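This report refers to the structure that appears directly beneath it.
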C-alpha cells in the first residue's frame, strides 16, 4: 500500500510541476523600435508600421511613426488586447503612410496622397521582413510612383 501512495504522490507532484511550467511558459514580449526612411535617408514623418506574424493572422504589433521617422511597437492579439513590445518570431512588415492636403479655401475639401511605394503597404505584397529577437529595426522604402 505504501508503494501505491508513493507513486501517487510522485505522479501528483510531477503533474503540478508540469502545469506550473506550462502556465509559466507564456511568451514574453521584447522591445522593438527603429526608424523608417525613404531610400535617400529622409525620414517618413507619419503613419504606422505593422509587424504581422507569419502564419498567425490573429497577432500583430504596430507602432506610430513619429515626425523623426522613429517608432516603437505595441502588440495586439485578437481577443486579448495589447501590451508593449513584440513577441519573438518571423514577421512581414508593412507601412501605412499617406499625406493629407487641404485643397479648398474654406478647408472643407482634402486630398489624400500616397507617399510610399504601394508594394510596401500591403501584408501580402511587402518585401520587408523581420526576425524578432528584440532590438532596433530600421527600414528604407521607395517613394510613391504613379
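Sorting the segments 105-114, 48-57 by their residues' average number of neighbouring beta-carbon atoms within 10 angstrom, most packed first, yields 48-57, 105-114.
Structural size metrics of region 32-141, computed from C-alpha coordinates, are Rg and Dmax of 15.0, 50 Å. Separation of region 132-146 and region 51-124, taken as the distance between their Cα centroids, equals 12 angstrom.
Approximating the spin labels as points 7 Å out from Cα along Cα→Cβ, the residue 109-to-residue 76 distance works out to 3.2 nm.
Listed peptides 115-123, 37-45 appear in the order 115-123, 37-45 once ranked by packing, highest mean of other Cβ atoms within 10 Å at the front. Taking R0 as 30 Å, what's the FRET efficiency between residue 68 and residue 30 from their Cβ-Cβ distance, rounded to 0.05? With R0 = 30 Å, the Cβ-Cβ based efficiency is 0.85.
Using the Cβ-Cβ distance between residue 57 and residue 129 with R0 set to 22 Å, the FRET efficiency works out to roughly 0.85.
Contact order normalised by length for region 21-146, with contacts defined as Cα pairs under 8 Å and 6 or more residues apart; what percent is it? About 29 percent, as a whole number.
We did not get these values from a lab; they are worked out from the coordinates using the rules stated. These numbers were taken from a predicted model, which means no experiment stands behind them. Glycine also receives a Cβ, built like all others from the backbone with ideal geometry; neighbour counts cover every protein chain displayed.
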